[in-house]
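Student: If you scroll down you'll find the structure; I have some questions about it.
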Amino acid sequence: MSTGVRSIPLSSPYLDERDEELVLEVLRSGRLSLGPTIDRFEELFAERVGAPYAAAVSSGTAGLHLLCRIAGLGSGDEAITSPYSFVASANCAIYEGATPVFADVDAETMNLDPAAVEAAITERTKAIVAVDIFGYPCELDPLQALCERHGLALIQDACEALGAEYRGAPVGSQGPSAVFAFYPNKQMTTGEGGMVTTHSEEEWGLLKSLRNQGRADGGGWLEHARLGYNYRIDDVRAALGIGQLEKLDRILALRQAAAKRYSELLADVDGLEVPLADDADHVRSWFVYVVKLAAGVDRERVIAELERQGIASSRYLPSIHLQSYMRESYGFREGLCPVSEDLSRRTLALPFFAQLEADDQERVAEALRAALA
Ligand SMILES: Cc1ncc(COP(=O)(O)O)c(C=O)c1O
């Protein structure tokens with residue numbers, strides 16, 4: 001960086017002494033895994049999102065994989081999902097031998113367009129993996145109706161959406177089973193980690209068995225009822241999760257305030273669109289702050305200009321079907337999902353986290369204004 005100014009990172013976790021205290025308590029207890037802190041974390045999380053059951057796992061990806069397994073996805077099956085997402089929402093079906101089918105997204109919500117999903121349904125379709133991208137809730141009711149009509153499983157990838165609301169209720173509270181993720185850029189973090197919420201006691205039992213090498217509830221340590229995985233979280237991370245949950249309201253409020261500030265600062269900047277506002281059915285939980293550059297703007301030049309001023313930014317998100325391994329394995333090409341592809345060329349994530357300071361946001365806005373002038 002040549003300007004000598006303080007750099008502004010893309011994201012940063014919000015940690016405090018209470019987190020340290022809780023983690024230390026577990027370390028001192030000697031009970032580092034399969035202990036009571038995990039149960040407590042699950043109880044608190046379930047309560048927080050208004051779901052009857054929650055099972056903690058080692059990552060959001062692990063949670064998505066387990067739901068695909070429970071849905072019975074296998075070779076010859078298709079799972080319809082969003083191209084405008086993080087790769088895990090498509091990979092989870094591939095792990096089970098199923099084929100990912102990408103339906104295009106809505107240009108405004110950036111989430112799966114239910115009409116495109118319906119058009120993509122075939123005799124082989126077995127599941128829909130719907131993503132709440134950037135914390136904006138997906139079209140749950142129409143997707144659920146499609147799933148009921150066609151006998152499909154619906155899996156909600158809510159990895160970016162803890163705290164979001166759909167039609168007046170928290171994401172995770174209405175069903176279907178949903179997966180949340182706790183990587184350090186998320187609304188709350190456990191370092192690595194994830195949580196699956198479910199409304200079925202039976203599924204909850206299965207999740208807990210599958211994450212723990214297929215051990216049966218109440219069975220011995222070396223008794224395995226089914227093929228399972230080591231997708232366990234540990235008590236150290238669960239303790240951090242509890243600390244984060246305790247202050248989640250504060251974190252969400254700070255993120256919301258930062259987003260509001262950005263939207264005000266950027267309202268009159270030509271050449272970009274700020275993120276979609278909430279409406280009666282959709283309340284976003286702020287995960288990232290992603291602007292859409294106008295067609296014709298040279299995004300690379302904007303990124304370089306921000307970087308020159310010590311400001312991190314990122315090309316969020318590339319379309320999954322155009323990743324090299326997807327092209328090679330399935331022959332996907334440009335033109336398959338034009339809305340997603342257009343977004344992928346034009347969207348840019350700005351520095352965004354709970355403790356982002358107002359004057360740093362002003363710096364970002366000024367740098368963007370200059371880069372787009
Ligand atoms: C939409 C989406 N799905 C899945 C994941 C996977 O979560 P994890 O990184 O915890 O495996 C993430 C987060 O990285 C995500 O943003």
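Student: Could you tell me which residue of segment 270-296 is farthest from Ala371 (Cα to Cα), considering only residues that are hydrophobic (A, V, I, L, M, F, W, C) and touching a Leu at 6+ places or on another chain (Cβ under 6 Å)?
Tutor: Val274
Student: Also: Sort through Ile38, Ile70 and tell me the only one that's more than 16 Å from the ligand (Cβ to nearest atom) and either in contact with a strand residue (DSSP E or B) (Cβ under 6 Å, 6 or more places away or on another chain) or among the small types (Gly, Ala, Ser) (or both).
Tutor: Ile38
Student: OK, next. Has segment 164-174 got any residue that is closer than 21 Å to Ala127 by Cα, open to solvent by 50 Å² or more (accessible area, probe 1.4 Å) and not in a helix (DSSP H, G or I)?
Tutor: Yes - at least one qualifying residue is present in segment 164-174.
Student: How many residues, within segment 86-140, are of a type in the set (A, V, I, L, M, F, W, C), away from the ligand (no atom under 16 Å from the Cβ) and in a strand (DSSP E or B)?
Tutor: Within segment 86-140, residues that are of a type in the set (A, V, I, L, M, F, W, C), away from the ligand (no atom under 16 Å from the Cβ) and in a strand (DSSP E or B) number 1.
Student: So which residues in segment 41-67 are in contact (Cβ under 8 Å) with a residue 60 or more places away in the chain and away from the ligand (no atom under 16 Å from the Cβ)?
Tutor: Glu42, Leu44, Ala46, Arg48, Val49, Gly50, Ala51, Pro52, Tyr53, listed by residue number.
Student: Follow-up question, since we're still on this one. What residue, of Thr99, Thr81, is hydroxyl-bearing (Ser, Thr, Tyr), in contact (Cβ under 8 Å) with a residue 40 or more places away in the chain and surrounded by fewer than 23 Cβ atoms within 10 Å (Cβ to Cβ)?
Tutor: Thr99
Student: Let me ask you something else. When you scan segment 175-184, how many residues do you find that are more than 8 Å from the ligand (Cβ to nearest atom), in a loop (DSSP other than H, G, I, E, B) and of a type outside the set (Gly, Ala, Ser)?
Tutor: 2
Student: Looking only at segment 193-243, how many residues end up being within 16 Å of the ligand (Cβ to nearest atom), open to solvent by less than 20 Å² (accessible area, probe 1.4 Å) and not in a helix (DSSP H, G or I)?
Tutor: 6
Student: Take the conditions within 30 Å of Arg167 (Cβ to Cβ), of a type in the set (Gly, Ala, Ser) and crowded, with 18+ Cβ neighbours inside 10 Å and apply them to Ala354. Does it pass?
Tutor: Yes; evaluated as a whole, the condition is true for this residue.
Student: Starting from segment 260-288, keep only residues that are of a type in the set (D, E, K, R), then list their pairs with residues that are assigned to a loop (DSSP other than H, G, I, E, B) and open to solvent by less than 40 Å² (accessible area, probe 1.4 Å) whose Cβ atoms are within a distance under 7 Å, requiring at least 6 positions of separation or different chains.
Tutor: Hits for this filter: Asp278/Arg284; Arg284/Tyr136; Arg284/Ala164.
Student: Also, quick follow-up: Do you know which residues across segment 306-341 are surrounded by 15 or more Cβ atoms within 10 Å (Cβ to Cβ) and assigned to a helix (DSSP H, G or I)?
Tutor: Leu306, Ile320, His321, Leu322, Met326, Tyr330, Val339, Ser340, Glu341
Student: Here's another thing I want to ask about it. Only residues that are farther than 18 Å from Leu44 by Cα and touching a Leu at 6+ places or on another chain (Cβ under 7 Å): list them for segment 157-184, please.
Tutor: Asp157, Tyr166, Pro176
The values are calculated or read from the model by the stated rules, or taken from the named source; none is laboratory data. Just so it is clear, the structure is predicted and the values come from calculations on it, not from any experiment. Every residue, glycine among them, receives a Cβ derived from its backbone with ideal geometry; neighbour counts consider all protein chains shown. The area values use the complete protein model at the heavy-atom level, side chains included, leaving out ligands, DNA and RNA. Shrake-Rupley method; radii C 1.70, N 1.55, O 1.52, S 1.80 Å.
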